[in-house]
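Student: Take a look at the following structure, please.
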Amino acid sequence: MIRSLDLRGKALTKVGYQKAIPRAKLDIAAALVAIEPILQKVKSGTEADLLQLAEEFDGVRPPSIRVPQSALDKALADLDPKIRAALELSAERIRKVHNDQTRGVTTTKVVDGGVVTERWIPVDRVGLYVPGGRAVYPSSVLMNVIPAQIAKVSSIAVASPPQKEFGGLPHPTILAACALLGITEVYAVGGAQAIALFAYGMDGLCEKCDLVTGPGNIYVAAAKRALRGVIGIDSEAGPTEIAILADESARAGDVAADLISQAEHDVIAAAVLVTTSEKLAADVVKELEVRVAKTKHSARIREALSGIQSAIVMVDSIAQGLDVVNAYAAEHLEIQTQNAAQDALKIRNAGAVFIGRFSPVSLGDYSAGSNHVLPTGGCACHSSGLSVQTFLRGLHYIEYEKKWPLWLPLRDELTSLSPYGAPQVPAEATLNTNENPYAPSPELAQAIADRVHRVATTLNRYPDRDATVLRTSLGKFINTLSGTNFTADSIWAANGSNEIIQSLFMAFGDRGALGFTPSYSMHPLIAKVVGVTWQDGGRRADFTLDTAKAITEISGKKPALTFVTTPNNPTGTLLKIGEIEELAKATAQVSGLLVIDEAYAEFSKEISAVALIEKYPNVVVIRTMSKAFAFAGARVGYLVANPDVVDAMFLVRLPYHLSAITQAAAEVALEYQAELLGTVATLIDSRAKVIADLESMGLTVAPSSANFIIFSGFNVEPAQIWRQLLDRGVLIRDVGLLGHLRMTIGNEAENQKFIGALKEILQK
Ligand SMILES: *Cc1c(COP(=O)(O)O)cnc(C)c1O
């Protein structure tokens, strides 16, 4: 029933072994000729042509090519509960294995300023073919659909031949398996015409696919070969095959059963036993006789086993046996030897390797969790089986920065920097730079215009370079908020708090600066530009600051400047005044300044660190009119500190740095402080609403004491969501924090727009 081949004493080359154990002849060339008219017909045809092809090749005219949802639902409802349970168990195991196949993003810094990032992106649309033929394979539905779903392919269609017994629908178990996995797009079409339908699409019936996967007969394989290029293919699956490498320790009954398990698929299926044991070979032959006679498809099996493609091969040693099976590159390879696990490690060419007597190929066919769509015909030498990877493409994103010309004597430490650049693009809802969304009232706008008009008549003169009036007003403003007693001597004003930060570095940078990331990205950036060494301390996973750890870092690094942002940007997290006091002591110990960046202080209930300045002269508080004060366009920031700190600011400021117009506008704004700060309460309320909305969508939001929030819990890259929001007119901020995005609280309409757009994106 099965031929024997004695390779003992004949060490052959890889090709030699391949010639000794050939595959069954497959006349793909003839099949290509046969399918050509079918491909042409589908390419330019209509549903009527597909119906006619079904009649011709499947012997039945389906009611429609697209399987109605009701048929899918009915198939699932009618599915034998035992089969359903088995499919569910298999699905769970397949998911377990394939979930581990997803790949992360890799970023390679090739040279300074040159980065290549590889991201794995799913194909947009895939067509999965499930054969009808001699047996029903609902497992093939699982093996194809689940990896595609895990790869996040957004559009999945399935085709399977119409069956005469089922009124022209595909086999009900196939339909049930589709329904079980949530597949709704199924076509009753088989063979070459199914592949052509996926490759070309058909107006009003089926959209063109990017990729087709799944096994099939020779005509399906021929169609894949003919259409590769028009559509991507997984592989041209040929007849199934099993090779078993066994020694005297193997049980003849097991070996025979496993050979039969693949031989029963097809008359041209291959079953090859490679063994060192004459006794095993003889016993297997006996077992085959007995078992084949008893099986349902004995004629088919007998034909498969007696074909040229099947053999019992005698070898001298396991080492020679390994050479033989490596040359053969079987779709399925079983190792049933004394040291099966070790021998298996020497396998390089096989679709899948089944180790030991308790891992038969039939387990892999259904519910080992491994994939059963595997390379046949020796293709295992160059290809792997179906996996999540089949549905993904590795895209390289190449990003090289400007290379500065040699004639330009740019400072070394600047060459690798990129300029501050929150994307400045038009959007209906601009929620990216933490501005206050409420514009000044017409009255305030008029008052500013009037004051600027007055100042304009003196613009031939330099402004007050000490901005005394403005600094006095800012002092009074702080005193009303914090119950303090500051005069202009304790206040410094500049073009935004960014200029204040720069001045602090210029004045005090000698022993370097320390900050706790993630925090305001401009602190380290300005430090580098000014030439101050910056060191990053960390935060806890929930973004709160571990003060004990911070104090250890301060004592160890002895920085001249320690930066703490509270409420922190971009995380919204807060530091208690008591904790700030601990840091004040620690920084004083190392003769350093503690710089508290309070850009968002107005949004939190915590008392301001200005209260500490009297007791701790090394505490410096920076604030801004850009955020709560709704005055970002005017560029006014200020500092509250011991007068000696302010005196040092005079050393580093540029003469007349604050224009007369800026000073005038800021003075008016301070007169309208009630109006400008009046929106803070509204924004705090809106913040609570946005957080509740995001949480109801299953997202995680870090507690925020500022006018922005960061959220996480979506499983695509932040940049992708950022882009999709922008496409819907909503601009938020990708702060480069893994898995997180930052959104500034806007007005009611803007917040609604953001939530609506995000819902739409996440539901897709
Ligand atoms: C926005 C912001 C600033 C800068 O504000 P300007 O006064 O506009 O320069 C400073 N610090 C932090 C933490 C900020 O978020």
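The values are calculated or read from the model by the stated rules, or taken from the named source; none is laboratory data. This one's a predicted model, so the numbers in the text were calculated from it and none came from an experiment. Backbone-built Cβ (ideal geometry, glycine too); neighbour counts: all protein chains shown. The protein model used for the area step is the full one, side chains on, heavy atoms only, and it has no ligands, DNA or RNA in it. Shrake-Rupley method; radii C 1.70, N 1.55, O 1.52, S 1.80 Å.
Student: With the condition kept exactly as written, say whether any residue in the stretch 231-244 is assigned to a helix (DSSP H, G or I) and among the hydrophobic types (A, V, I, L, M, F, W, C).
Tutor: No, the stretch 231-244 has no match at all.
Student: One residue is enough: does the stretch 685-694 have a residue meeting the conditions within 16 Å of the ligand (Cβ to nearest atom) and either under 30 Å from the mean Cα position of the chain (by Cα) or open to solvent by less than 60 Å² (accessible area, probe 1.4 Å) (or both)? It would help to see each step written out before you state the result.
Tutor: Quick first cut of the stretch 685-694, residues within 16 Å of the ligand (Cβ to nearest atom) only: 687.
Those still in the list that are either under 30 Å from the mean Cα position of the chain (by Cα) or open to solvent by less than 60 Å² (accessible area, probe 1.4 Å) (or both) too: 687.
Yes; the residues of the stretch 685-694 include at least one that is within 16 Å of the ligand (Cβ to nearest atom) and either under 30 Å from the mean Cα position of the chain (by Cα) or open to solvent by less than 60 Å² (accessible area, probe 1.4 Å) (or both).
Student: Please find, within the stretch 632-641, the residue that is farthest from the chain's Cα centre (by Cα) out of those that are near the ligand (Cβ under 9 Å from one of its atoms) and either modelled with pLDDT under 95 or among the small types (Gly, Ala, Ser) (or both). Break it down into steps so the answer makes sense when it comes.
Tutor: Of all residues in the stretch 632-641, those near the ligand (Cβ under 9 Å from one of its atoms) come to 632, 635-638.
The next check asks that each one be either modelled with pLDDT under 95 or among the small types (Gly, Ala, Ser) (or both); those that pass are 632, 637.
On the way: Ala632: 35, Gly637: 39 Å.
The qualifying residue farthest from the chain's Cα centre (by Cα) is Gly637.
Student: Would you mind stating whether Thr240 is closer than 26 Å to Ile301 by Cα and open to solvent by less than 40 Å² (accessible area, probe 1.4 Å)?
Tutor: Values: closer than 26 Å to Ile301 by Cα: yes; open to solvent by less than 40 Å² (accessible area, probe 1.4 Å): yes.
Taking the combined requirement at face value, the residue satisfies it.
Student: Tally the residues that are at pLDDT 95 or above and in a helix (DSSP H, G or I), restricting the search to the stretch 179-201.
Tutor: Qualifying residue count for the region: 11.
Student: Select, from Thr562, Thr547, the only residue that is in the same structural domain as Met649 (by TED's automatic domain parsing), more than 11 Å from the ligand (Cβ to nearest atom) and free of Cβ contacts under 8 Å to residues at least 40 places away in the same chain.
Tutor: Just a single option satisfies the conditions, and that option is Thr547.
Student: Continuing with this model, one more query. Taking the options Leu386, Leu406, Leu374, Leu395, name whichever one is over 20 Å from the mean Cα position of the chain (by Cα), open to solvent by 50 Å² or more (accessible area, probe 1.4 Å) and not small (Gly, Ala, Ser).
Tutor: Of the residues listed, the single one that is over 20 Å from the mean Cα position of the chain (by Cα), open to solvent by 50 Å² or more (accessible area, probe 1.4 Å) and not small (Gly, Ala, Ser) is Leu406.
Student: Consider Val115 carefully, then state whether it is over 22 Å from Leu89 (Cβ atoms), of a type in the set (A, V, I, L, M, F, W, C) and either in the same structural domain as Leu51 (by TED's automatic domain parsing) or assigned to a strand (DSSP E or B) (or both).
Tutor: Answer is yes for this residue.
Student: Across the stretch 200-230, what is the number of residues that are in contact (Cβ under 8 Å) with a residue 12 or more places away in the chain and open to solvent by less than 50 Å² (accessible area, probe 1.4 Å)?
Tutor: Qualifying residue count, the stretch 200-230: 18.
Student: Just to check your reading of the model, which residue among Val652, Val619, Val668, Val646 is surrounded by fewer than 18 Cβ atoms within 10 Å (Cβ to Cβ), more than 37 Å from the chain's Cα centre (by Cα), among the β-branched types (Val, Ile, Thr) and more than 16 Å from the ligand (Cβ to nearest atom)?
Tutor: Sole residue among the options that is surrounded by fewer than 18 Cβ atoms within 10 Å (Cβ to Cβ), more than 37 Å from the chain's Cα centre (by Cα), among the β-branched types (Val, Ile, Thr) and more than 16 Å from the ligand (Cβ to nearest atom): Val652.
Student: If you don't mind, another one. Please find, among Asp210, Asp254, Asp203, the residue that is of a type in the set (Asp, Glu) and more than 30 Å from Ser155 (Cα to Cα).
Tutor: Unique residue meeting the criteria: Asp254.
Student: Right, here's the next one. Helices (runs of 4 or more DSSP H) wholly in the stretch 26-84 with at least 2 residues that are in the same structural domain as Lys208 (by TED's automatic domain parsing) and within 23 Å of Asp266 (Cβ to Cβ) - which ones?
Tutor: Ranges flagged: 28-44, 47-58.
Student: Another question about this same structure. Tell me which of these Asp100 doesn't satisfy, since it passes every other one: (1) open to solvent by 60 Å² or more (accessible area, probe 1.4 Å); (2) closer than 28 Å to Gly191 by Cα.
Tutor: It is condition (2) that Asp100 fails.
Student: Shifting gears a bit: Looking only at the stretch 146-165, filter to residues that are over 24 Å from Ile218 (Cβ atoms) and outside any loop (DSSP other than H, G, I, E, B); which one of those is most open to solvent (accessible area, probe 1.4 Å)? Outline the logic, then answer.
Tutor: Filtering the stretch 146-165 for residues over 24 Å from Ile218 (Cβ atoms) gives 146-156.
Retained after the next criterion (residues that are outside any loop (DSSP other than H, G, I, E, B)): 146-150, 155-156.
Working: Ile146: 1, Pro147: 0, Ala148: 0, Gln149: 64, Ile150: 26, Ser155: 32, Ile156: 22 Å².
Per the stated criteria, the residue is Gln149.
Student: Now, a different point. From the list Gln342, Gln338, which one is surrounded by fewer than 20 Cβ atoms within 10 Å (Cβ to Cβ) and either part of a helix (DSSP H, G or I) or not assigned by TED's automatic domain parsing to the domain that holds Gln18 (or both)? Write out each step before concluding.
Tutor: Numbers: Gln338 fails: either part of a helix (DSSP H, G or I) or not assigned by TED's automatic domain parsing to the domain that holds Gln18 (or both).
Result: Gln342 is the single residue among Gln342, Gln338 that is surrounded by fewer than 20 Cβ atoms within 10 Å (Cβ to Cβ) and either part of a helix (DSSP H, G or I) or not assigned by TED's automatic domain parsing to the domain that holds Gln18 (or both).
Student: Please go through the stretch 429-439 and pick out each residue that is away from the ligand (no atom under 16 Å from the Cβ) and over 32 Å from the mean Cα position of the chain (by Cα).
Tutor: Tyr438, Ala439
Student: A further question follows. State the number of residues belonging to the stretch 478-502 that are over 16 Å from Thr662 (Cβ atoms), open to solvent by less than 50 Å² (accessible area, probe 1.4 Å) and in contact (Cβ under 8 Å) with a residue 24 or more places away in the chain.
Tutor: Looking only at that region, the number is 6.
Student: Identify, please: which residue in the stretch 504-524 is of a type outside the set (A, V, I, L, M, F, W, C) and within 12 Å of the ligand (Cβ to nearest atom) and is, among those, surrounded by the most Cβ atoms within 10 Å (Cβ to Cβ)?
Tutor: Across the stretch 504-524, the extreme among qualifying residues is His523.
Student: A further question follows. For the stretch 722-757, which residues satisfy the criterion of being open to solvent by 50 Å² or more (accessible area, probe 1.4 Å), over 21 Å from Gly421 (Cβ atoms) and either part of a loop (DSSP other than H, G, I, E, B) or among the acidic types (Asp, Glu) (or both)?
Tutor: Result: Arg728, Glu748.
Student: Continuing with this model, one more query. Could you check the stretch 415-424 and list, in sequence order, the residues that are open to solvent by less than 60 Å² (accessible area, probe 1.4 Å) and either over 13 Å from Arg733 (Cα atoms) or more than 14 Å from the ligand (Cβ to nearest atom) (or both)? Spell out the reasoning first.
Tutor: Our first condition is that a residue be open to solvent by less than 60 Å² (accessible area, probe 1.4 Å); within the stretch 415-424, this holds for 415, 417, 421-423.
Once the filter is applied, which keeps residues that are open to solvent by less than 60 Å² (accessible area, probe 1.4 Å) and either over 13 Å from Arg733 (Cα atoms) or more than 14 Å from the ligand (Cβ to nearest atom) (or both), the stretch 415-424 yields Thr415, Leu417, Gly421, Pro423.
Student: Please specify each residue of the stretch 571-608 satisfying the condition of being within 14 Å of the ligand (Cβ to nearest atom), farther than 23 Å from Met506 by Cα, crowded, with 24+ Cβ neighbours inside 10 Å and among the aliphatic types (A, V, I, L, M).
Tutor: If the condition is that a residue be within 14 Å of the ligand (Cβ to nearest atom), farther than 23 Å from Met506 by Cα, crowded, with 24+ Cβ neighbours inside 10 Å and among the aliphatic types (A, V, I, L, M), then Leu575, Ala601 are the ones that fit.
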